[in-house]
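Engineer: I am attaching a structure below and will ask some questions about it afterwards.
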Amino acid sequence: MLNAVELTTKVEEVMEHVNFSGVVLLQQAGKTLLNMKRGYANRSEELANQLDTRFGIASGCKIFTAVSICQLIEAGKLSADSKLTDVLDVEFPLWKEGVTIQQLLTHTSGIPDYFDEEVMDDFSELWKDRPVYAMRRLSDFLPMFQHLPMRSAPGERFHYNNAGFIVLGLVVEQHSGLAFTDYVEEHIFKRCGMKESGYFVTDQLPHNTALGYIDHEDGSWNTNMFSIPVKGGSDGGAYVTAPDMIRFWDALLGHQLLNEEATQQLLTPHAHQEDEEYYGQGIWIDRKEEDIFKIHVMGFDPGVSFMSSVYPDYDLQLVVVSNQESGPYPITIAIEEALA
């Protein structure tokens, strides 16, 4: 068992150093070791962050998309090897016909992206020429990549791709008959007991939801309302609480969302990114030698940063979520150093 007192002191030092705003929740074998919060959910009103504050998690919710697809596979509506052209009635005239669901899940499809993180680093730049308030449905993203050429051959290499998860969300909609966000709320959030989580509209955020803050070098700041799509979807943008994220891990690893075989496929390293970092289906997997050190998700947007990890050998679950653009990474590293 980790020493909670020593760990608290260490994490507090990091929080102070990075001026952290958010929540840290760490559990081991179901017992809470860390339950820490700092900063404001609403700076203007000086409303403090609480354990049950809702935070945006950006791309951290790609795992929900992957689980949704795997549920449809489990139901026999498609397979991992299904070709996109066979399961989605949307035309992509310049794409190769061999793109599969598995390649989309593992970022190896080679399709173009609307936000290529290898060449772009400011997500808010996307919305200077198109209004964020118009981005309410998955289909609203199609004009941004539908007629672009392939980036590489299907299956050739790993390349993190947001558009691929938009496409997967469209597949969920076509085969479930539900809007993507409705599907996730019904088939994932409800099953997990994630009662406080959802895909909220940025100009209609519910009570106890942290505003995302973008800080500037001169000390000024603004919220991220005009820097992210007005409503999240299959590539990112859900809101969760730290306890709800723990509930998700419990449900996933307890086979309440998928059967054992499908869960194992989700958590299998399918694509190699670099060093000992791999990608499963909608989830990152870090190895140490031949063993899995952690499975994790993360997300970063203007005014949003999030990391959540499971360490199987230690029976640990960690959630670090912030309404600023940094903080979760150094806190996560500090906790991992205590495992050494």
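Throughout, read-outs are computed from the coordinates displayed, never taken from laboratory work. All values reported here derive from a predicted model rather than from experimental measurement. Here the Cβ positions follow ideal geometry from the backbone for every residue, glycine too, while neighbour counts run over all protein chains shown.
Engineer: Which value, in debye to the nearest 20, gives the size of the charge dipole of region 42-101 about its Cα centre, when Lys and Arg are +1 and Asp and Glu are -1 at the Cβ?
Structural biologist: Dipole size: approximately 120 debye.
Engineer: Now for a separate question. Among THR332, HIS175, PRO149, whose Cα projects farthest towards the positive end of the dipole of region 4-337, with charges put on the beta-carbon of Lys, Arg (+1) and Asp, Glu (-1)?
Structural biologist: HIS175
Engineer: Specify the angular offset, from 0 to 90 degrees and rounded to the nearest 10, of the alpha carbon long axis of helix 328-337 from the longest principal axis of the alpha carbons in the chain.
Structural biologist: Between helix and principal axis, roughly 70 degrees.
Engineer: What dipole magnitude, in Debye to the nearest 20, does the chain give about its Cα centre under +1 on Lys/Arg Cβ and -1 on Asp/Glu Cβ? Each step should come with its number before you reach the end.
Structural biologist: Details: 24 positive and 51 negative charges, 199 e Å.
In debye, rounded to 20, the chain gives about 960.
Engineer: For the pair ALA75 and LYS31, how long in nm is the line joining their label points, each one 7 Å along Cα→Cβ?
Structural biologist: 4.1
Engineer: May I ask for the distance between the Cα centers of region 161-177 and region 189-212, given as a whole number of Å?
Structural biologist: With region 161-177 and region 189-212 each reduced to a Cα centre, they are spaced 21 Å.
Engineer: Cα centroids of region 78-95 and region 241-306: how far apart, whole angstrom?
Structural biologist: So the separation of the two Cα centres works out to 25 Å.
Engineer: Rounded to the nearest 500, what is the chain's calculated 222 nm mean residue ellipticity when only DSSP H runs of at least 4 contribute -39500 (n - 2.57) each, over all residues?
Structural biologist: -7500 deg cm²/dmol
Engineer: Which of SER79, SER234 has the fewest other C-beta atoms within 10 Å, and how do the rest follow up to the most?
Structural biologist: The fewest-first ordering by Cβ neighbours comes to SER79, SER234.
Engineer: Also, quick follow-up: When the chain is fully extended, how far beyond the present Cα-Cα distance does GLU156 get from GLU217, taking 0.36 nm per residue of separation?
Structural biologist: 17.9 nm
Engineer: If you don't mind, there's one more thing I want to ask. For the pair ALA134 and ALA179, how long in nm is the line joining their label points, each one 7 Å along Cα→Cβ?
Structural biologist: Between ALA134 and ALA179, the label points sit 1.9 nm apart.
Engineer: Next up: Add +1 for every Lys or Arg and -1 for every Asp or Glu among the other residues with Cβ under 15 Å from the Cβ of GLY76, and state the total.
Structural biologist: With Lys, Arg at +1 and Asp, Glu at -1, the net is -3.
Engineer: Now a separate question. Ratio of region 158-281's C-alpha Rg to 2.2 N^0.38 Å, to two decimals?
Structural biologist: Computed over Cα atoms of region 158-281, the ratio equals 1.23.
Engineer: Same structure again: In terms of Cα to Cα distance under 28 Å, which lysines are near enough to LYS31, apart from those fewer than 8 places away along the same chain?
Structural biologist: Counting by Cα, and skipping residues close in sequence, LYS31 has these lysines nearby: LYS10, LYS62, LYS190, LYS195, LYS288, LYS294.
Engineer: Please state, to two decimals, what the Cα-based radius of gyration of the chain comes to when divided by 2.2 N^0.38 Å (N = residues).
Structural biologist: Cα-based Rg divided by the globular estimate yields 0.96.
Engineer: For the chain, build the charge dipole from Cβ charges (+1 Lys, Arg; -1 Asp, Glu) around the Cα centre, then report which of VAL18, LEU258, GLY280 sits farthest towards its positive end.
Structural biologist: LEU258
Engineer: Restricting to Cα atoms and excluding each atom paired with itself, what does the Kirkwood estimate give for region 55-204 in Å?
Structural biologist: Computed over Cα pairs of region 55-204, the Kirkwood hydrodynamic radius comes out at 16.2 Å.
Engineer: For Cα pairs less than 8 Å apart in space and 6+ apart in sequence, what is the mean separation divided by the residue count of the chain, i.e. the relative contact order in percent?
Structural biologist: 26
Engineer: Take HIS216, HIS270, HIS207, HIS147 and order them by how many other Cβ atoms sit within 10 Å, fewest up front.
Structural biologist: On the way: HIS216 8, HIS270 20, HIS207 5, HIS147 13.
Exposure proxy ranking, most exposed first: HIS207, HIS216, HIS147, HIS270.
Engineer: Let me ask another. Taking the chain as the reference, fit the longest principal axis to its C-alpha atoms, fit the long axis of helix 242-253 to the helix C-alpha atoms, and give the angle between the two in degrees, 0 to 90, nearest 10.
Structural biologist: For 242-253 against the chain, the angle is about 50 degrees.
Engineer: What number in nm² do you get for region 150-197 if you take the convex hull of its Cα atoms and divide its surface by four?
Structural biologist: The number I arrive at for region 150-197 is 4.6 nm².
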